[in-house]
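Heads up, the thing below is written out as structure tokens.
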Amino acid sequence: MFGLNILVACDHHCRIVSFNISSPGSVPDCIGIESWSLLDNMKNFPIGDYAVADNGFICCEYCLTPFTKSEVAVDPFKDG
């Protein structure tokens with residue numbers, strides 16, 4: 001019936017460093033992150049630093065997301 005969108009960030013030692021519980025469960029992660037103060041920090045990462053997220057987020061210069069199955073299936077060296 002009701003749910004919460006809970007976003008959690010961990011460091012490279014798997015320690016929770018930040019979390020956000022400000023959106024209802026019906027809100028996609030890529031929208032819910034907009035109300036999280038961590039987003040501002042991510043936007044100011046030095047070049048070469050990034051967050052690794054699941055495919056609920058948008059891949060950009062500060063956030064890496066996994067490839068989809070269809071993206072992995074494409075052979076960039078094959079014609080057509």
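The values are calculated or read from the model by the stated rules, or taken from the named source; none is laboratory data. Keep in mind that what you see is a predicted model, and the values were worked out from it rather than measured. Quick reminder, even Gly has a Cβ in these numbers, built from the backbone with ideal geometry, and neighbours come from all protein chains shown. Ligands, DNA and RNA are excluded from the accessible area calculation, which covers all protein heavy atoms including side chains. Shrake-Rupley method; radii C 1.70, N 1.55, O 1.52, S 1.80 Å.
Applying 0.36 nm per residue to the separation of L38 and I6 and subtracting their alpha-carbon distance, the gain on full extension is 10.2 nm.
For S35, the solvent-accessible surface computed with a 1.4 Å probe is close to 70 Å², ligands and nucleic acids excluded.
To the nearest 10, the accessible area of F57 is 40 Å² with a 1.4 Å probe.
Before I look further, what does the chain give for accessible area per residue, probe 1.4 Å, in whole square angstrom?
On the way: 6520 Å² over 80 residues.
Ligands and nucleic acids excluded, the result is 82 Å² per residue.
For segment 32-80, the list of GluC sites (Glu not before Pro) that fall in a loop by DSSP and count at most 15 other C-beta atoms within 10 angstrom reads E61. Distance between the 7 Å Cα→Cβ label points at F77 and R15: 4.3 nm.
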